[in-house]
Amino acid sequence: MTAPLQRAIFWILVGFAVLILSLPMVIVVGASVTSGNIIAFPPEGFSLKWYEKIAQARDLQQAFWRSIQVSLVCVAVSVPVGTLAGIALSRYRLRGAMALQVYLLLPFTVPLIASGIGMMLVFGEWRILGALWPVGVACAVINLPFIIWSVSASAASLDRDLELAAQNCGAGPIATFFHVTLPAVMPGVITGGLLMFVLAMTEFLVSLLLTDARTVTLPVQVYNNIRSIITPDLAAVSTIFVVIALAAVWLLDRLVGLEIFLKSK
Amino acid sequence: MEETALTVRVHDVSMDFGSGTKAVDSARFDLETGRFLTVLGPSGSGKTTLLHMIAGFLKPTAGEITINGQPVDALPPHRRSIGMVFQKLALFPHMTAAENVAFPLKMRRWNPKGIPARVSDFLDLVKLGDYRDRRIHELSGGQQQRVAIARALVFEPELLLLDEPLAALDRKLREEMQLEFRRIQKELGVTTINVTHDQREALVVSDEIIVMDGGKIQQKATPVALYQQPANDFVAGFVGVSTFLDGSATEGGVEIQGTRCAGTHMTDIAAGTPVRGGIRAEQIRLGRSAQAVADCDTRLTGHVSDMIFEGERLLYVLNCPALPGVDIQVYYHDPDAFDLFEIGSEVHFGWRARDLRIFRAAR
């Protein structure tokens with residue numbers, strides 16, 4: 001096979017993959033700017049009226065701010081826990097490290113409906129089911145493996161001598177952690193934290209089980225609206241989700257890209 | 001017996017990782033204040049383990065280490081007054097050069113007002129005054145070395161430890177930094193323990209050298225004494241280039257497969273005992289005729305089997321029918337006659353009895 005032909009096949013495959021991956025997003029964004037009254041792609045004309053509508057919809061707005069709160073709780077819980085667990089996992093020969101590795105695979109194996117029901121029962125028993133913060137904690141629990149992964153990947157490339165050097169400089173264990181270990185794993189912490197934020201923001205199934213009419217989060221609210229009547233404002237909400245995800249990626253590139261640059265690795 | 005000038009005493013210290021052999025086996029030595037000691041040994045000899053025990057990163061499984069008379073085994077590393085330059089330097093990548101140097105002062109709670117001036121002094125000492133705000137990755141290898149040494153010395157440690165920090169540098173920079181370490185050490189008068197596998201570095205920079213092998217200290221001596229009077233065949237082989245002759249002891253020499261070689265017994269050895277004789281490459285005389293080796297106590301003939309050009313000298317490898325199976329290594333220095341002996345040509349060689357050192361065949 002000649003080189004130009006190889007290159008052509010390569011780019012055709014790449015183009016196909018990009019198209020398939022971005023098609024849902026393109027359709028949703030396209031449908032959200034329609035000037036008609038039904039969801040349609042290609043859109044009929046162009047208008048931002050559906051964005052205007054969601055900007056005035058109180059239920060969607062409240063659900064949006066609740067989702068933000070849930071995500072912040074999730075980040076607040078998962079970052080300290082995930083950071084310490086990630087460092088410990090990559091650093092020490094833990095008893096039960098195997099069990100931990102299995103735990104890290106759980107998000108891919110246990111159906112969310114199972115963990116959701118489990119948590120619904122437990123939270124119900126604890127009588128905290130109507131509150132918003134347990135939803136954030138639940139999101140932290142089910143997604144924790146992602147931040148543990150991200151931090152332990154950073155910690156694995158950490159030079160152990162850096163911590164010995166800090167001790168040699170007179171830093172005790174706590175000072176060593178804050179001055180040397182934590183800055184070194186910061187890229188992993190930032191990556192994991194943003195990931196946790198986005199995952200909690202978009203978490204649907206577990207939120208559905210743990211929320212009631214007073215505490216619906218944005219994905220649940222969207223689902224409720226779909227069940228009544230499908231209008232282009234839902235496409236506009238979905239576009240907001242896409243924008244949040246893109247913002248997270250941009251932030252990651254800025255923060256971690258910068259961090260990696262500073263580490264000259 | 002009170003010795004006021006003693007900084008470090010390592011007293012029968014052992015480290016057993018539980019793998020069968022001890023990483024460090026009953027190491028014992030004293031180091032006086034202001035001296036520069038090098039621990040020399042091949043990789044796996046236990047020298048870095050020994051250093052880590054002194055720094056406090058490892059706890060000896062037996063024995064005791066005292067610094068300025070105080071046992072330190074119960075002190076965690078950050079409570080010991082020891083500066084260390086690590087093999088891979090271990091500079092903090094998220095800090096500037098000046099922040100790295102200031103770090104030990106902050107951690108050791110120096111008066112914050114005095115810190116900037118002191119950091120400047122030490123950056124000047126290592127000739128990095130103009131680079132204080134550079135990040136570590138913006139500095140060259142030699143400059144990073146200098147930051148590491150400033151960081152290790154800035155808080156006036158009682159002891160400086162060097163864990164092969166020069167091993168990764170190219171040869172020219174390494175030799176430059178060896179002299180630099182020596183200069184700074186003399187200037188500050190700080191007691192220093194340096195670890196290396198580079199025998200040349202050990203000879204150049206040290207007041208005293210300890211040779212380690214297999215976790216055991218083989219010899220402690222000044223560079224000159226170590227070179228001239230190696231305690232055993234390991235030291236003789238590790239420091240300098242030597243040819244070894246295995247045979248049995250005779251009066252005033254060694255007999256190897258019927259050939260009697262004149263040599264000096266380094267200890268009291270009875271005739272007939274299995275021994276190993278070592279002779280340095282620069283102590284073998286080499287010539288085209290028997291006349292060139294007339295004043296040698298042992299005179300032999302052989303053939304040149306290989307010739308290695310090393311720049312300032314040639315290394316000839318000789319084979320000798322009287323000493324079968326031995327590659328005799330000879331340095332040849334005459335700059336006017338570098339291609340004197342061709343490969344395959346017959347040569348006369350020999351040595352004086354005092355230069356063939358005969359040790360009891362150990363292991």
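Every read-out reported here was derived from the displayed coordinates using simple, explicitly stated rules and does not represent laboratory data. Model, not experiment: these values are computed from the prediction. Positions of Cβ are generated from backbone atoms using ideal geometry, with glycine treated the same way; all protein chains shown enter the neighbour counts.
Dipole of chain B, Cα-centred, from +1 at each Lys and Arg C-beta and -1 at each Asp and Glu C-beta, to the nearest 20 debye?
Details: 41 positive and 47 negative charges, 249 e Å.
Once rounded to the nearest 20, the dipole reads 1200 debye.
For the protein assembly as shown, which semi-axes, largest first and in whole Å, follow from the square roots of 5 times the eigenvalues of its Cα gyration tensor?
Values: eigenvalues 991, 186, 114 Å².
In descending order the semi-axes read 70, 30, 24 Å.
Taking Cα pairs under 8 Å and at least six residues apart, what relative contact order does chain B come out at, in percent?
On the way: 769 pairs, mean separation 55.9, N = 363.
The normalised contact order for chain B reaches 15 percent.
Would you list which lysines come within 30 Å of B:Lys186, measuring only between C-alpha atoms, while excluding same-chain residues fewer than 8 positions from it?
Partners within reach: B:Lys47, B:Lys88, B:Lys106, B:Lys113, B:Lys127, B:Lys172, B:Lys216, B:Lys220.
Of the options B:Gly56, B:Gln329, B:Met266, report the single residue whose Cα projects farthest towards the positive end of the charge dipole of the protein assembly as shown (beta-carbon charges: Lys, Arg +1; Asp, Glu -1).
Looking along the dipole axis, the top candidate is B:Gly56.
Label A:Ile20 and B:Arg260 with points 7 Å out from Cα along Cα→Cβ: what is the distance between them in nm?
In this crude label model, A:Ile20 to B:Arg260 measures out at 9.0 nm.
Using only the Cα atoms of the range B:16-144, what semi-axes does the equivalent ellipsoid have when each is the square root of 5 times a gyration tensor eigenvalue? Give whole Å, largest first.
On the way: eigenvalues 207, 66, 38 Å².
Ellipsoid semi-axes (Å, largest first): 32, 18, 14.
Give the value in nm², to one decimal: projected area of the alpha carbon convex hull of the range B:81-187, averaged over all directions.
Values: hull surface 25.0 nm².
Dividing the Cα hull surface by four gives the mean projection, 6.3 nm².
Based on Cβ point charges of +1 for Lys and Arg and -1 for Asp and Glu, what charge dipole magnitude is obtained for the range A:57-264 about its Cα centre, in debye rounded to the nearest 20?
Dipole of the range A:57-264, to the nearest 20 debye: 220 debye.
Rounded to two decimal places and with Rh computed the Kirkwood way over Cα pairs, what is Rg over Rh for the range A:1-134? Kindly include the intermediate steps, with their values, before the conclusion.
Working: Rg = 23.4 Å, Rh = 20.7 Å.
Result: Rg/Rh = 1.13.
Among DSSP beta bridges whose residues both lie in chain B, state the antiparallel percentage, nearest 5. Please list the in-between numbers first.
Numbers: 58 of 78 bridges.
Bridges in chain B are about 75 percent antiparallel.
Using helices alone, what [θ] at 222 nm do you get for the protein assembly as shown, with -39,500 (n - 2.57) per DSSP H run of 4 or more residues, divided over all residues and rounded to the nearest 500?
Working: 20 runs with 288 residues, N = 628.
The helix-only estimate for the protein assembly as shown comes to -15000 deg cm²/dmol at 222 nm.
Treating the Cα atoms of the range B:6-228 as identical point scatterers in vacuum, please give the log10 of the normalised Debye intensity I(q)/I(0) at q = 0.12 Å⁻¹, two decimals.
Reported log10 I(q)/I(0), two decimals: -0.63.
Roughly how many Å is it from the Cα centre of the range A:94-142 to that of the range B:70-137, as a whole number?
45 Å
Compute from the Cα atoms of the range B:241-360 the Rg and the Dmax, the latter being the longest Cα-Cα distance, and quote both in angstrom.
Looking at the range B:241-360, its Cα Rg and Dmax stand at 14.1, 45 Å.
Using +1 on the beta carbon of Lys and Arg, -1 on that of Asp and Glu, and nothing else charged, what's the dipole of the range B:241-360 about the Cα centre, debye to 20? Mind showing how you got there, number by number?
Numbers: 11 positive and 17 negative charges, 92 e Å.
Roughly 440 debye for the range B:241-360.
Looking at the range B:177-285 from every direction and averaging, what is the projected area of its Cα convex hull in nm²?
On the way: hull surface 33.7 nm².
Seen from a random direction, the Cα hull of the range B:177-285 projects 8.4 nm² on average.
Counting each pair of different Cα atoms once, what's the Kirkwood radius of the range B:109-258 in Å, rounded to one decimal? Walk me through the numbers on the way to the answer.
Details: mean 1/r = 0.0550 Å⁻¹.
Taking every pair of different Cα atoms in the range B:109-258, averaging 1/r and inverting gives 18.2 Å.
Tell me which of A:Gly130, A:Tyr51, A:Leu164 sits at the most positive position along the dipole axis of chain A, charges placed on C-beta atoms (Lys, Arg +1; Asp, Glu -1).
Checked the options; the winner is A:Leu164.
Taking 25 °C and 0.890 mPa s as the conditions, I'd like the Stokes-Einstein D for the range A:73-125 in µm²/s, using the Kirkwood hydrodynamic radius from alpha carbon pairs.
It diffuses with D of about 188 µm²/s by this estimate.
Report, largest value first, the span of the C-alpha coordinates of chain A along each principal axis, in whole Å.
70, 68, 31
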